[in-house]
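*Asks:* Take this structure, written in structure tokens, and hold onto it; I'll ask about it next.
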Amino acid sequence: MSFRKRGEIISNGGKNTLPNNRIPNAVPGRGSPITSSIPRRGNIPLIPNRGQGTQPIPGRTQVIPNKRNLDLNESFENLQIKENEELSFKFPKILKPSSLNSSMTISTGISDLDKILGHQGGIPLGSSLLIEENGSTDFSSILLKAFASQGIIHNRLNPQQSNTHLVVLTSNIQWGKDLPGVYRGSSRQIKKQAIRENEEKLSIQNLVNKPQIDKDLRIAWRYGLNDSNKREIQEANDEIYKDFNHQFDITSRLNPLVQNNEISYIPISNNFIQLYQQIVQVLESQKNKIIRLIIPSILNPSMYSPQLTQLTEILPFIHKLRSLTHKYPQLIIISSIPLDLYSKSSIIVKSMESLFDTVIQLEPFNQQMLQFLERAYKNEPNKISHGLLHIFKLNNQSDAGQMLITKNEYSFKNGRKKFEIEEWGIPVDDDATTAENDENKQTTKDIDF
Amino acid sequence: MSSQKQDLHIFTDNSIIPHNQVKSEHLFNLITHVQGTSPTWLLNLLIENSLYGTCSINTDTNKQHRSNTSRSSVIFISFLNDFKFYASSLKKNGVEVQSNQSFKFIDLFTNLFDRVVPSNIESVSKLFDDLTQEIKNLSQDKPIIFIEGLEFLLLSTDISSIQCLSQLNKLHKLSSSVILSCQSDEELIDIATFNHPTHPQYKLHDFLVRILHRTNLNIALRPLETGKAKDITGTLSISKGCIPYESLDIAEKEYLYLVSKDQSAKLFFR
């Protein structure tokens, strides 16, 4: 603890704690998400939850590099920073740096899915995601469509400069017609929003009514509840990542509809080589954009001919796609596969999984389980989950050797305005327990002590 | 009372890849892994040990002094990852491979199917011919060759397990030791239902069994049977192969290991 004289000026104590030009190097090895298009506030925060500087990691030999190595290391790191800076400059507001490594991430369009991927952002650029689904339901298409919608919304942020292009591998050219629109909030929220906007306008009445919070909430301040610094960080963060992700309402449609210059359809042919060449063509023509490649229901026999399901056909294709994500760092691939047609224990699924960076499985509940849930949540129908979500691989982490297979730990629930993923817990069935209790009772009367 | 330090020992003289012995006797090591226990951290460790003789696991800072000269040359062949992936993960262990003359990375990931036509076995043998030529050109002395993802080539092309083995033999002859990492999930080697030589499951099963009869050293990485745990990633078991390694004894043992979020690994005795 240190003591200061009353009159002493505390250095750097004021608002300008950090000079404005420090942002590019805020976190070593990472680019800055902040670009010139965002108004500079007095105190732009560091990215939260990250340590500063490179500290030695315990339990690891530290090798003192010789000078030549040091220079090389530096140039390597600078290159990464430069790349990320370029990216975040090129695509303002829609990228978030990953908390795990130096990659930039982008939203999948489902905020809960973004959370599960573990980067405190979304899915890293230059990676692939495989969604497996059991049963005849089509929850995975909701994920794919939200992913597509998110891309379109990002694309329309700045009408002068488009930043995203969708590529869909499907013979159905109507696929983009029913992409969900942005959720506008309930009618009450819309009203509140209008009031808030009105209040923010500068008028004499608003100035007079402005509450003086700082003076009245001394105790709250004492406990840091009213910490303006913290709040500012939060606010600035919200401001920076305002357009990172959106919420989609599956009952509404994107307005205006997807234009032809925003999406490319590649029809499935009988030949993966041709298909691959078409993908490369589109990638080449849209080089300066983020490409969201969507492969709905891969190997579904209604679109793919039987010979394509041979391992010697599909594996080279997926392998090529994997190498594309390395060649084009702005490419993200998302694909779904029906597990009823290709069982989870089959070699085709297993070997495909090893080529995708992230693998999740959706397993909808069967009828019996749904009935049980309906009974258990009689009074809270919005708590009923629709199925389980298993994780098999997560980008960067699984390949580095972490064991991340989590089964039966998450459940998903599809609602009109949101696809939610939460931790799964089996509810207590009140009826069953009371019935059991009744049987165990020895007297018919309750004895009141 | 002093207890034995928890550290990785593959041989009874506490070494991992014995430098002098490897020069005189060929070491053939198979690392099998399944989904969830990717061997990247172990491969990194073995690369580091082959190059410098050090091991960045369970060791205290500043205790090891790594010389700037490497003790043997290493060639890494990967079918599933590119150089950037290994360069950055090795850098985390303090091994600089970008400008290292002793470390060569042969990338068979990026343009594999420009060189190989799945239905054409000739193209696969040509790939291996090119590979042997490249290795001959790269190093004068016999290098330690790492091969990752060979099983992928077996599954995605028409090459048979025997043909694959004979190609592997070519590389074997050029090297002082071979370290092969192979995915061996149950689903990939299930021969209960798929027992015809053309079935991919049969091919991979056959390949693995034949390899197992030719190795001196087997390392298996498996997750815990109870599933995911916060403090343990899985088990690492070291066992002797069918061909004895005569220069040194292999310390057969099972370890528990943990790969944490910052991608550093730790080993524990079981």
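*Asks:* Of the conditions (1) away from chain B (no Cβ under 14 Å); (2) more than 26 Å from the chain's Cα centre (by Cα); (3) in contact (Cβ under 8 Å) with a residue 60 or more places away in the chain; (4) open to solvent by less than 30 Å² (accessible area, probe 1.4 Å), residue A:304 clears all except one; give me its number.
*Replies:* Going through the list (1) away from chain B (no Cβ under 14 Å); (2) more than 26 Å from the chain's Cα centre (by Cα); (3) in contact (Cβ under 8 Å) with a residue 60 or more places away in the chain; (4) open to solvent by less than 30 Å² (accessible area, probe 1.4 Å), residue A:304 breaks only (3).
*Asks:* Could you pull out the residue among A:266, A:233, A:273 that is surrounded by fewer than 21 Cβ atoms within 10 Å (Cβ to Cβ) and not assigned by TED's automatic domain parsing to the domain that holds residue A:390? Let's see the steps before the verdict.
*Replies:* Numbers: A:266 fails: not assigned by TED's automatic domain parsing to the domain that holds residue A:390; A:273 fails: not assigned by TED's automatic domain parsing to the domain that holds residue A:390.
A:233 is the lone residue from the list that is surrounded by fewer than 21 Cβ atoms within 10 Å (Cβ to Cβ) and not assigned by TED's automatic domain parsing to the domain that holds residue A:390.
*Asks:* What single numbered condition from (1) buried (at least 19 other Cβ atoms within 10 Å of the Cβ); (2) among the polar types (S, T, N, Q); (3) touching a residue at least 24 places away in the same chain (Cβ under 8 Å) fails to hold for residue A:354?
*Replies:* Exception for residue A:354: condition (3).
*Asks:* Turning to a different aspect of this structure: Look through A:98, A:102, A:88 and report the one residue that is open to solvent by less than 10 Å² (accessible area, probe 1.4 Å) and under 24 Å from residue A:321 (Cα atoms).
*Replies:* Working: A:102 fails: open to solvent by less than 10 Å² (accessible area, probe 1.4 Å); A:88 fails: under 24 Å from residue A:321 (Cα atoms).
From the options A:98, A:102, A:88, the qualifying one is A:98.
*Asks:* Limited to region A:98-139, what total is found for residues that are outside any loop (DSSP other than H, G, I, E, B) and small (Gly, Ala, Ser)?
*Replies:* As a first pass, look at region A:98-139 and keep what is outside any loop (DSSP other than H, G, I, E, B): A:104-106, A:111-116, A:123-124, A:127-133, A:139.
From the residues that got through so far, the ones that are small (Gly, Ala, Ser) too are A:111, A:127-128.
So the count comes out to 3.
*Asks:* I'm trying to understand the selection: among the residues of region B:205-227, which are among the basic types (Lys, Arg) and either touching a Cys at 6+ places or on another chain (Cβ under 7 Å) or touching a residue at least 60 places away in the same chain (Cβ under 8 Å) (or both)? Outline the logic, then answer.
*Replies:* Keep residues of region B:205-227 that are among the basic types (Lys, Arg), which gives B:210, B:214, B:222.
If the condition is that a residue be among the basic types (Lys, Arg) and either touching a Cys at 6+ places or on another chain (Cβ under 7 Å) or touching a residue at least 60 places away in the same chain (Cβ under 8 Å) (or both), then B:214, B:222 are the ones that fit.
*Asks:* Another question about this same structure. Only one of A:360, A:347, A:291, A:333 is in the same structural domain as residue A:152 (by TED's automatic domain parsing), in contact with a Phe, Trp or Tyr (Cβ under 9 Å, 6 or more places away or on another chain) and without any contact (Cβ under 8 Å) to a residue 40 or more places away in the chain. Can you tell me which?
*Replies:* It is A:347.
*Asks:* Follow-up. In region B:242-270, what count of residues is obtained for those that are out of contact with any helix residue (DSSP H, G or I) (no Cβ under 8 Å at 6 or more places or on another chain), part of a strand (DSSP E or B) and of a type in the set (A, V, I, L, M)?
*Replies:* Of the residues in region B:242-270, 4 are out of contact with any helix residue (DSSP H, G or I) (no Cβ under 8 Å at 6 or more places or on another chain), part of a strand (DSSP E or B) and of a type in the set (A, V, I, L, M).
*Asks:* Then there is this: Which residue pairs have Cβ atoms under 7 Å apart, sit 6 or more places apart or on different chains, and have a first residue in region B:31-51 that is under 17 Å from residue B:14 (Cβ atoms) and touching a residue at least 12 places away in the same chain (Cβ under 8 Å) and a second that is assigned to a strand (DSSP E or B) and of a type outside the set (D, E, K, R)?
*Replies:* Qualifying pairs under 7 Å: B:46/B:179; B:50/B:74; B:50/B:144.
Conditions (1) β-branched (Val, Ile, Thr); (2) in contact (Cβ under 8 Å) with a residue 12 or more places away in the chain; (3) more than 7 Å from chain A (Cβ to nearest Cβ), marked per residue:
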position	(1), (2), (3)
B:90	no, yes, yes
B:94	no, yes, no
B:98	no, no, no
B:103	no, yes, yes
B:109	no, yes, no
B:113	no, no, no
B:116	yes, yes, yes
B:124	yes, yes, yes
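*Asks:* Name, by its number, the condition in (1) at pLDDT 90 or above; (2) within 25 Å of residue A:326 (Cα to Cα); (3) within 13 Å of another protein chain (Cβ to nearest Cβ) that does not hold for residue B:31.
*Replies:* For residue B:31, the exception is condition (2).
*Asks:* If I filter region A:276-284 for residues that are surrounded by 14 or more Cβ atoms within 10 Å (Cβ to Cβ), within 14 Å of chain B (Cβ to nearest Cβ) and in contact with a Phe, Trp or Tyr (Cβ under 7 Å, 6 or more places away or on another chain), do I get at least one hit?
*Replies:* yes
*Asks:* Can you tell me which residues in region B:242-263 are crowded, with 18+ Cβ neighbours inside 10 Å and at the interface with chain A (Cβ under 8 Å from one of its Cβ atoms)?
*Replies:* B:259, B:263 - these are the residues of region B:242-263 that are crowded, with 18+ Cβ neighbours inside 10 Å and at the interface with chain A (Cβ under 8 Å from one of its Cβ atoms).
Residue-by-condition table, conditions (1) away from chain B (no Cβ under 14 Å); (2) in contact with a Phe, Trp or Tyr (Cβ under 7 Å, 6 or more places away or on another chain); (3) surrounded by 16 or more Cβ atoms within 10 Å (Cβ to Cβ); (4) modelled with pLDDT under 90:
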residue	(1), (2), (3), (4)
A:381	yes, no, no, yes
A:386	yes, yes, yes, no
A:389	yes, yes, yes, no
A:394	no, no, yes, no
A:397	no, no, yes, yes
A:400	no, yes, yes, yes
A:403	no, no, yes, no
A:408	no, yes, no, no
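*Asks:* Please tell me if residue B:239 is open to solvent by 40 Å² or more (accessible area, probe 1.4 Å), assigned to a strand (DSSP E or B) and more than 11 Å from chain A (Cβ to nearest Cβ). Before the answer, list the steps.
*Replies:* On the way: open to solvent by 40 Å² or more (accessible area, probe 1.4 Å): yes; assigned to a strand (DSSP E or B): yes; more than 11 Å from chain A (Cβ to nearest Cβ): yes.
Considered against the rule, which asks whether it is open to solvent by 40 Å² or more (accessible area, probe 1.4 Å), assigned to a strand (DSSP E or B) and more than 11 Å from chain A (Cβ to nearest Cβ), residue B:239 comes out as yes.
*Asks:* Same structure, new question: Quick one: is residue A:292 among the basic types (Lys, Arg) and farther than 26 Å from residue B:182 by Cα? I'd like the intermediate steps shown before the answer.
*Replies:* Details: among the basic types (Lys, Arg): yes; farther than 26 Å from residue B:182 by Cα: yes.
Yes.
*Asks:* If you go through region A:410-426 one residue at a time, do you hit one that is among the aromatic types (Phe, Trp, Tyr), touching a residue at least 12 places away in the same chain (Cβ under 8 Å), within 14 Å of another protein chain (Cβ to nearest Cβ) and in contact with a His (Cβ under 9 Å, 6 or more places away or on another chain)?
*Replies:* Among the residues of region A:410-426, at least one is among the aromatic types (Phe, Trp, Tyr), touching a residue at least 12 places away in the same chain (Cβ under 8 Å), within 14 Å of another protein chain (Cβ to nearest Cβ) and in contact with a His (Cβ under 9 Å, 6 or more places away or on another chain), which makes the answer yes.
*Asks:* Now for a different question. Sort out for me the helices (runs of 4 or more DSSP H) sitting completely within region B:93-203 that have 1 or more residues that are surrounded by fewer than 21 Cβ atoms within 10 Å (Cβ to Cβ) and in contact with a strand residue (DSSP E or B) (Cβ under 7 Å, 6 or more places away or on another chain).
*Replies:* Numbers: elements: B:112-115, B:121-138, B:150-156, B:161-174.
Filter on region B:93-203 gives B:121-138, B:161-174.
The values are calculated or read from the model by the stated rules, or taken from the named source; none is laboratory data. Keep in mind that this is a model prediction, so the values were computed, not measured. Counting neighbours? That spans all protein chains shown, and the Cβs are built from the backbone with ideal geometry, glycine included. Accessible surface is based on the protein model in full, side chains and every heavy atom, while ligands, DNA and RNA are left aside. Shrake-Rupley method; radii C 1.70, N 1.55, O 1.52, S 1.80 Å.
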